[in-house]
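Every read-out reported here was derived from the displayed coordinates using simple, explicitly stated rules and does not represent laboratory data. It should be emphasised that the depicted structure is a prediction, and the values quoted were computed from it without experimental measurement. Every residue, glycine among them, receives a Cβ derived from its backbone with ideal geometry; neighbour counts consider all protein chains shown.
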Amino acid sequence: MKIYHNPRCMKSRQTLELLKSKGQDPEVVLYLETPPTQKELKAILKKLNIKPEQLLRKGEAIYKENYKGKTLTDTQWIKAMVENPKLIERPIVIEGDKAVIGRPPELVLDLI
């Protein structure tokens, strides 16, 4: 199990604690420090079964200043998220070929 985690995010912290309370010891990826590659992000999106635009944090200043109202291809959105990992919704928890976004944190229980 792997969690793409931002320790400054309350939902991300809650999700990690929930996993640990259920006996899980996920690999923690601090994705702001170590962003996923384009290939990794494509694989994550496939496991989430969503389009890149659905993984965007549209409330982030970087989105509002640079991307709001723009129509980009899936490849362009992926590139934007790799270059600006703050745009990636969090936390993402992966188990095998499945993944969920921990919003709310209880959604990750489906992976256990």
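Using mean Cβ contacts within 10 Å as the protection proxy, how do 10-19, 69-78, 42-51 order, highest first?
Values: 10-19: 18.3, 69-78: 12.9, 42-51: 15.1.
Averaged packing, sorted descending, gives the order 10-19, 42-51, 69-78.
With both partners inside the chain, how many of the DSSP beta bridges are antiparallel, as a percent to the nearest 5? If you can, show how the numbers build up before the last one.
On the way: 8 of 12 bridges.
If we restrict to bridges inside the chain, about 65 percent are antiparallel.
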statement: Phi angles of region 39-52, converted by Karplus (6.51 cos²θ - 1.76 cosθ + 1.60, θ = phi - 60°) into ³J(HN,Hα) in whole Hz with x for Gly and Pro, give 5, 5, 5, 4, 5, 4, 4, 5, 5, 6, 6, 9, 7, x
statement: To the nearest 10 degrees, the tilt of helix 10-21 (Cα long axis) against the first principal axis of the alpha carbons of the chain is 30
- line: Note to self: C-alpha centroids of region 50-112 and region 5-23 sit apart, in Å, by 17
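With runs of 4+ DSSP H residues as the only contributors, calculate the mean residue ellipticity of the chain at 222 nm using -39,500 (n - 2.57) per run, divided by the residue total and rounded to the nearest 500.
Details: 4 runs with 39 residues, N = 112.
Taking each H run of at least 4 residues, the total per residue is -10000 deg cm²/dmol.
Quick one: putting +1 on the C-beta of Lys and Arg, -1 on the C-beta of Asp and Glu, what dipole do you get for the chain around its Cα centre, in Debye to the nearest 20?
Details: 21 positive and 15 negative charges, 66 e Å.
Dipole of the chain, to the nearest 20 debye: 320 debye.
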- prompt: Taking +1 at the Cβ of each Lys and Arg and -1 at the Cβ of each Asp and Glu, which of 69, 30, 1 sits farthest along the dipole of region 1-108 towards its positive end, judged by Cα position relative to the Cα centre?
  reply: 69
- prompt: In region 1-67, how many lysine pairs have Cα atoms under 21 Å apart, counting only pairs 8 or more places apart or on different chains?
  reply: 18
query: In bins 10 Å wide, starting from 0, what share of all Cα pairs of the chain does each bin hold, as a percent?
result: 15, 49, 30, 6, 0
